[in-house]
Amino acid sequence: MSRSERVYRVLLLAYPREFRRDCGVEMVQAFGDLCREEKRRGGRLGLARVWIRTLPDLAFTAFVERSRAMRDRWLFMLVPLAILLGLTIAYVDSSPGWDDTGVSAAAVLGASGLFGVLYPVRPWLWALAVGVWIPAYGIVREFNYASLLALVFSFAGAYAGAVVRKRFVPVR
Amino acid sequence: MERESKGRRARELRDLLPLRPAVLHILLALADEERHGYGIMREVEGRTGGQTRLGPGTLYGSIKRMLADGLIEESDERPDPAMDDQRRRYYKITDFGRRVAGAEAERLSGLVETARARKLLRGRGPSLPEGA
């Protein structure tokens, strides 16, 4: 392995671990091929050109991959938050003095919509995380099957949020 | 069931468009034969006359997502095992990848036609036959 390849392999630490595991060996191999070819064509100057082209590519794509990895981690933080919010809405909705179903429905719709906007890739996940608790509580405690309507609001909110996000802010 | 699957594929296809330039270049590079990563880099550079050079980060970041999207897949075969390093991974375009590349090419072709109709193109490119 040439010195350039060894340096490049160290620089790959800028990428997330999972990305390095999946692509690291091949990236070093491709970079090594590139170095050999350019060195054969243009000597040291050719090798310098490879580095000049590769460093910005490395910096930019490492940033992109780190951002994606952060987004995946964000999903794991958002799910408990959505469940907590759903449980809170269900708790308030089932309180003895609470009879404002419209506010509960709006809360479910709004909360699901918010999560749909934040992470539009899996709207069904937010719909269930937020909306399942009112029917669960209603059916288990009071055999209230009408409370399943809460899921209609949560699915509507989550998918509407996802559509809004995809329409105005590209996700890819 | 199959109709549902086709509908889903059509939605996925629409979701993937427009393709990033790197993704389209990789699909074009794999359209005629299987290649490894460095082979893709060389093909793209050669085809574009050196105007587009994919760095390893751009190339493998794109390949990783294209594998996940089902646009390409790893190939088990080696075009010439005797001549090549067995550790290299070869990639080939999938049927879905071909459809996505075709849809993107049509989209770009529509843009070019619009540019031509509005006299934004200097040169006279090939025009469609009448009635096409």
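The values are calculated or read from the model by the stated rules, or taken from the named source; none is laboratory data. Remember, predicted model here, so these are calculated numbers, not experimental data. Backbone-built Cβ (ideal geometry, glycine too); neighbour counts: all protein chains shown.
What do you reckon, is residue A:67 small (Gly, Ala, Ser) and either touching a residue at least 24 places away in the same chain (Cβ under 8 Å) or not in a helix (DSSP H, G or I) (or both)?
So residue A:67 fails the test.
Run residue A:15 past the list (1) over 20 Å from residue B:22 (Cα atoms); (2) within 9 Å of chain B (Cβ to nearest Cβ); (3) touching a helix residue (DSSP H, G or I) at 6+ places or on another chain (Cβ under 7 Å) and report the number of the one that doesn't hold.
If we test residue A:15 against (1) over 20 Å from residue B:22 (Cα atoms); (2) within 9 Å of chain B (Cβ to nearest Cβ); (3) touching a helix residue (DSSP H, G or I) at 6+ places or on another chain (Cβ under 7 Å), just (1) comes out false.
For the range A:74-117, enumerate the residues that are under 30 Å from residue A:15 (Cβ atoms), without any contact (Cβ under 8 Å) to a residue 40 or more places away in the chain and more than 11 Å from the chain's Cα centre (by Cα).
Hits for the range A:74-117 are A:80, A:81.
Test each condition in (1) surrounded by fewer than 13 Cβ atoms within 10 Å (Cβ to Cβ); (2) in a helix (DSSP H, G or I) for residue A:1 and report the one that comes out false.
With (1) surrounded by fewer than 13 Cβ atoms within 10 Å (Cβ to Cβ); (2) in a helix (DSSP H, G or I) applied to residue A:1, the lone miss is (2).
Does residue B:40 meet the test of being more than 10 Å from chain A (Cβ to nearest Cβ) and either modelled with pLDDT of 95 or more or crowded, with 17+ Cβ neighbours inside 10 Å (or both)? So that I can check it myself, show each step before the final result.
Values: more than 10 Å from chain A (Cβ to nearest Cβ): no; either modelled with pLDDT of 95 or more or crowded, with 17+ Cβ neighbours inside 10 Å (or both): yes.
Taking the combined requirement at face value, the residue does not satisfy it.
Every residue in the range A:25-37 that is of a type outside the set (Lys, Arg) and either under 12 Å from residue A:54 (Cβ atoms) or more than 9 Å from chain B (Cβ to nearest Cβ) (or both), please. Full working, then the answer.
So the first thing to find is which residues in the range A:25-37 are of a type outside the set (Lys, Arg), and the list is A:25-35, A:37.
Listed by number, the residues that qualify are A:27, A:28, A:30, A:31, A:32, A:34, A:35.
Quick one: which of A:137, A:119, A:91 is exposed (fewer than 14 other Cβ atoms within 10 Å of the Cβ) and not hydrophobic (A, V, I, L, M, F, W, C)? Steps first, answer last, please.
On the way: A:137 fails: exposed (fewer than 14 other Cβ atoms within 10 Å of the Cβ); A:119 fails: exposed (fewer than 14 other Cβ atoms within 10 Å of the Cβ).
When all the criteria are applied, what remains is A:91.
Could you count how many residues in the range B:49-68 are of a type outside the set (Lys, Arg), within 9 Å of chain A (Cβ to nearest Cβ) and assigned to a loop (DSSP other than H, G, I, E, B)?
Residues that pass the stated criteria total 2.
Condition check ((1) modelled with pLDDT under 75; (2) out of contact with any strand residue (DSSP E or B) (no Cβ under 8 Å at 6 or more places or on another chain); (3) more than 14 Å from chain A (Cβ to nearest Cβ)) across all residues:
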residue: B:74; (1), (2), (3): no, no, no
residue: B:82; (1), (2), (3): yes, yes, yes
residue: B:85; (1), (2), (3): yes, yes, no
residue: B:90; (1), (2), (3): no, no, no
residue: B:93; (1), (2), (3): no, no, yes
residue: B:98; (1), (2), (3): no, yes, yes
residue: B:102; (1), (2), (3): no, yes, yes
residue: B:108; (1), (2), (3): no, yes, yes
residue: B:112; (1), (2), (3): no, yes, yes
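Can you tell me which residue within the range A:43-57, out of those that are closer than 18 Å to residue B:42 by Cα and under 28 Å from the mean Cα position of the chain (by Cα), is nearest to the other protein chains (Cβ to nearest Cβ)?
A:57
Does at least one position in the range A:23-46 carry a residue that is over 17 Å from residue B:53 (Cα atoms) and in contact (Cβ under 8 Å) with a residue 40 or more places away in the chain?
Within the range A:23-46 (the criterion being over 17 Å from residue B:53 (Cα atoms) and in contact (Cβ under 8 Å) with a residue 40 or more places away in the chain), the answer is no, since none of the residues qualifies.
Name the residue, out of A:71, A:40, A:66, that is within 14 Å of chain B (Cβ to nearest Cβ), within 30 Å of the chain's Cα centre (by Cα) and loosely packed, with under 13 Cβ neighbours inside 10 Å. Walk me through it before giving the result.
Numbers: A:40 fails: within 30 Å of the chain's Cα centre (by Cα); A:66 fails: loosely packed, with under 13 Cβ neighbours inside 10 Å.
Of the residues listed, the single one that is within 14 Å of chain B (Cβ to nearest Cβ), within 30 Å of the chain's Cα centre (by Cα) and loosely packed, with under 13 Cβ neighbours inside 10 Å is A:71.
Residues to consider are A:164, A:140; find the one that is over 23 Å from the mean Cα position of the chain (by Cα) and aliphatic (A, V, I, L, M). If you could, list the steps in order and put the result at the bottom.
Details: A:164 fails: over 23 Å from the mean Cα position of the chain (by Cα).
Of the residues listed, the single one that is over 23 Å from the mean Cα position of the chain (by Cα) and aliphatic (A, V, I, L, M) is A:140.
Going through A:124, A:74 one at a time, which residue ends up being part of a helix (DSSP H, G or I) and under 30 Å from residue B:58 (Cβ atoms)?
Working: A:124 fails: under 30 Å from residue B:58 (Cβ atoms).
Going through A:124, A:74 in turn, just one is part of a helix (DSSP H, G or I) and under 30 Å from residue B:58 (Cβ atoms): A:74.
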